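The values are calculated or read from the model by the stated rules, or taken from the named source; none is laboratory data. In this text the structure is predicted, and so the values were computed from the model without any measurement. Cβ: placed from backbone, ideal geometry, glycine included. Neighbour counts: every protein chain shown.
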Amino acid sequence: MNDMDRRAVIDKTVGFVKQRLSGAEAGHDWWHIHRVWTTAKHIAEHESVDTFVVELGALLHDIADSKFHDGDEDIGPRTARGFLSELGLDEGVVEHVGLIVANISFKGGKHEQKFRSPELDVIQDADRLDAMGAIGIARAFNFGGHVGRELYNPDIRPNLEMTKEEYKKAAAPTLNHFYEKLLLLKDRMNTETGRRLAEQRHAFMEKYLEQFYSEWEGEI
């Protein structure tokens, strides 16, 4: 497949994702996909990867997030594979992207990822970076409001020992999510570029939490 054909596939994928995620929750909408896609392309410039697979995986990584489909973890990979197969892509590419979609998500502290590839490493870093920093904070509170969670409750402590199933069913206050996921991401980056970008966003979240607690306690 030449570069022109690849760009045509990317353009069709962009159109498919925009249509599919029209009206999606703001933390998992087209603009989340766009940010991850853009960041993944930047990270890929410094890695030895198949950039075509990186772009497709980034664009399709949240095509049907299980959180919004009754916990069905197969619908995302199935949707991605079905779309790419209809475009007549090589089966190896279709399967690789399907595995990326199936394995990209953070699933709790005790979950062990079963599939790895350099392309998944790049996209996973980009996705995790979008869960950090100013955007990550905005997404966390947006989703918490979307599902009716408390902002913070000092009587409900973060649970760092959750299993995958406990993590999926968790309904704790949004601030707990910082400790159960967001602050853990810096040390789970796969690439050097991802680690460098994560440092600044991690520091921003720590500073935000200091300010949050100060205001919560009514400090002037």
Take the residues in segment 2-32 that are outside any helix (DSSP H, G or I) and in contact (Cβ under 8 Å) with a residue 24 or more places away in the chain, then tell me which one is farthest from Val147 (Cα to Cα). Leu21
Does at least one position in segment 91-98 carry a residue that is modelled with pLDDT of 95 or more, within 16 Å of the chain's Cα centre (by Cα) and buried (at least 16 other Cβ atoms within 10 Å of the Cβ)? yes
May I ask you to list the residues in segment 15-59 that are among the hydrophobic types (A, V, I, L, M, F, W, C) and within 20 Å of Glu91 (Cα to Cα)? Phe16, Val49, Phe52, Val53, Val54, Leu56, Ala58, Leu59
Meets criteria (within 30 Å of Glu165 (Cα to Cα), under 15 Å from the mean Cα position of the chain (by Cα) and part of a helix (DSSP H, G or I)) for Thr79: no
Give me the pairs, please: first residue somewhere in segment 191-215 and among the β-branched types (Val, Ile, Thr), second residue anywhere and at pLDDT 95 or above and part of a helix (DSSP H, G or I), beta-carbon distance under 7 Å, and either six or more positions apart or on two chains. Thr191/Ile43; Thr191/Asp121; Thr191/Val122; Thr191/Asp125; Thr193/Ile43
Can you name the residue in segment 1-40 that is more than 15 Å from the chain's Cα centre (by Cα) and charged (D, E, K, R) and is also surrounded by the fewest Cβ atoms within 10 Å (Cβ to Cβ) among such residues? Asp3
Restrict the check to segment 111-125 and report whether at least one residue is among the hydroxyl-bearing types (Ser, Thr, Tyr), modelled with pLDDT under 90 and either over 20 Å from Glu210 (Cβ atoms) or surrounded by 19 or more Cβ atoms within 10 Å (Cβ to Cβ) (or both). no
